[in-house]
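Participant: What follows is a single structure, and I will ask about it in a moment.
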Amino acid sequence: TYVVTDSGPVYRPGNNLYVLRPPQPDGKVTPLTRFADGYVGEPELSWDATHVIFTRREQDDPWWHLYRVAVNGTELTQLTDGPYHDVGPTYLADGRIAFASSRSGIRDEYHGYPCTALFVMNADGSDMRQIATNIGRDNEPAVLNDGRIVFSRLEVFYSRNKTELTLHAAHP
């Protein structure tokens, strides 16, 4: 048999989010979240600088979900749930959120890990729609000046036993 342990598509996670005010060496560090366990990663500030979206995985839960919190530490809200990886959130200029998710149900044909594809949703987690499909991983969406979403895509070529990471862009 062949087994791969995959803790999900979030890199460099921490335990909580903090704010440094003012942003200089002698600034004061205060917690934005106060989770007792688990991991957080990929924080992104809203265009109006009032909220932060981020990914979170509880200690004993293998799935990453999206959360939102006001910059003063209030209004902590879980936006997604279920047996899916929802990762790499970024705010679009119209207030919606683009992110990568394993909700498509596609699994890597060789290792069996959940593949991620590009999704968009409203800021409150409603009206979730898939806008791309991939048999690898769509990662790290960001907004270009023209409003398109740029993202990295892991492409797998097993016949040549290699992978490639490419950049793509899509209209939200």
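Participant: By how many nm would the segment from V71 to N15 grow when fully extended, if each residue of separation counts as 0.36 nm and the alpha-carbon distance is taken off?
Facilitator: 18.4 nm
Participant: Sort all Cα-Cα distances of segment 104-148 into consecutive 10 angstrom bins from zero, then give the percent of pairs in each bin up to the one containing the longest distance.
Facilitator: 25, 44, 25, 6
Participant: FRET efficiency for H111 and D146, Cβ-Cβ distance as r, R0 = 45 Å, nearest 0.05?
Facilitator: With a Förster radius of 45 Å, E is 0.80.
Participant: Among Y113, Y39, Y18, what's the order by accessible area (1.4 angstrom probe), most exposed first?
Facilitator: Listed by decreasing accessible area, they come as Y18, Y39, Y113.
Participant: Let me ask something additional. Any number yet on Rg/Rh for segment 26-82, C-alpha, Kirkwood?
Facilitator: The Rg/Rh ratio comes out at 0.99.
Participant: In terms of the ratio Rg/(2.2 N^0.38 Å) built on C-alpha atoms, what value belongs to the chain?
Facilitator: 1.07
The values are calculated or read from the model by the stated rules, or taken from the named source; none is laboratory data. Everything numeric in this text was worked out from a predicted model, so none of it was measured. For neighbour counting, all protein chains shown are included, and Cβ atoms are generated from backbone atoms with ideal geometry for every residue, glycine included. Surface accessibility is based on the protein's heavy atoms, side chains included, excluding ligands, DNA and RNA. Shrake-Rupley method; radii C 1.70, N 1.55, O 1.52, S 1.80 Å.
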